[in-house]
1. Cβ-Cβ below 7 Å, separation at least six or inter-chain, first residue in the stretch 84-105 and in the same structural domain as Arg20 (by TED's automatic domain parsing) and closer than 18 Å to Glu8 by Cα, second among the basic types (Lys, Arg) and part of a strand (DSSP E or B): which pairs?
2. Under the condition of being in contact (Cβ under 8 Å) with a residue 12 or more places away in the chain and assigned to a strand (DSSP E or B), which residue from the stretch 148-157 is nearest to Ala231 (Cα to Cα)?
3. Could you tell me which numbered condition Leu149 fails, if it satisfies all but one of (1) touching a Phe, Trp or Tyr at 6+ places or on another chain (Cβ under 8 Å); (2) farther than 19 Å from Gly265 by Cα; (3) modelled with pLDDT of 95 or more?
4. Any residue in the stretch 112-124 that is β-branched (Val, Ile, Thr) sitting within a Cβ distance under 8 Å of a residue that is assigned to a loop (DSSP other than H, G, I, E, B)? List the pairs, counting only those 6 or more apart or interchain.
5. For the structure I just gave you, tell me whether Ala53 is within 18 Å of Tyr118 (Cα to Cα) and part of a helix (DSSP H, G or I).
6. Kindly indicate whether Gly221 is among the small types (Gly, Ala, Ser) and in a helix (DSSP H, G or I).
7. Would you mind finding the one in Asp131, Asp160 that is under 29 Å from Ile64 (Cβ atoms) and in a loop (DSSP other than H, G, I, E, B)?
8. May I ask you to list the residues in the stretch 120-141 that are under 15 Å from Leu13 (Cβ atoms) and among the aliphatic types (A, V, I, L, M)?
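The values are calculated or read from the model by the stated rules, or taken from the named source; none is laboratory data. In this text the structure is predicted, and so the values were computed from the model without any measurement. Please note: Cβ atoms are built from the backbone with ideal geometry, for glycine as well, and neighbour counts cover all protein chains shown.
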Amino acid sequence: MDYERLVEVMRRLSLEAGERIMEIYGQDDFDVKAKSDDSPVTAADEAADAIIAAGLRAAFPDVILVTEEQAATHDAKGDTFLIVDPLDGTKEFIHRRGDFTVNIALVEAGVPTRGVVYAPAKGRMFFTRADGQSVEETGAFEKERPGALREISVSEADNDALMVVASKSHRDQATDDYIGKYAVRDMKSAGSSLKFCLVATGEADLYPRVGRTMEWDTAAGHAVLSGAGGAVVRFDDLTPLRYGKEGFANPFFIAHAPGVALKAG
């Protein structure tokens, strides 16, 4: 894989998709439909998916593509593939809370190695450079060239005073019970894959997810966190979270800075 070209394409497509998403977000009203699993989907999900899928297939025709909005891709088999959630945090989008992202990632041998997470309503973009180091871009977000880039890295977490980030739309008692095992300095809520990025920048130390997610929800944020020195492990046995699983469904997991001494679930 030509990582330089991959990162350039993923970043540009995320900006193009984000621009279309924000056009729809700015409308007075937009249609919301229910998918077969009763999860919501909007015109923004579908428009962003069309942009990203076409761009990735044109640029990398020989690489498997898995995308949330195209059920036919969910039968793909392999441990190396591109994976997309064109609008992660659809509920945040519908309720106009702004915590939604465009997620595009490359998984190699079951590990997310490159990814981009773009939050168009928040004006934040995170991605892995070709060398694997994660950065946050600030500036005008021009499609043809990155603006100012800041290398990001996880916190040197102190287990006596952790900053924890949890889901805004999927918080439950099981999550609170697990968080209660730690000495927590403060907590914040965030939607979509921004939670991974907050751990990647050191704005949070720990993100436990005791709930259903799919690989397209997590791969891009996982790649960004890994490129910032963090890790994502299974909740049950604390082994690394792998990708290319049957049906692309994830077990419960914990994203963390490596200095955090993890507790058993």
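1. Close Cβ pairs (under 7 Å, with a partner that is among the basic types (Lys, Arg) and part of a strand (DSSP E or B)) amount to Ala105/Arg114.
2. Only one residue tops the list, namely Glu151.
3. The single condition Leu149 does not satisfy is (1).
4. Thr113/Gly132; Val117/Ser193
5. The answer is yes for Ala53.
6. yes
7. None of the others qualify; the one that does is Asp131.
8. Met125
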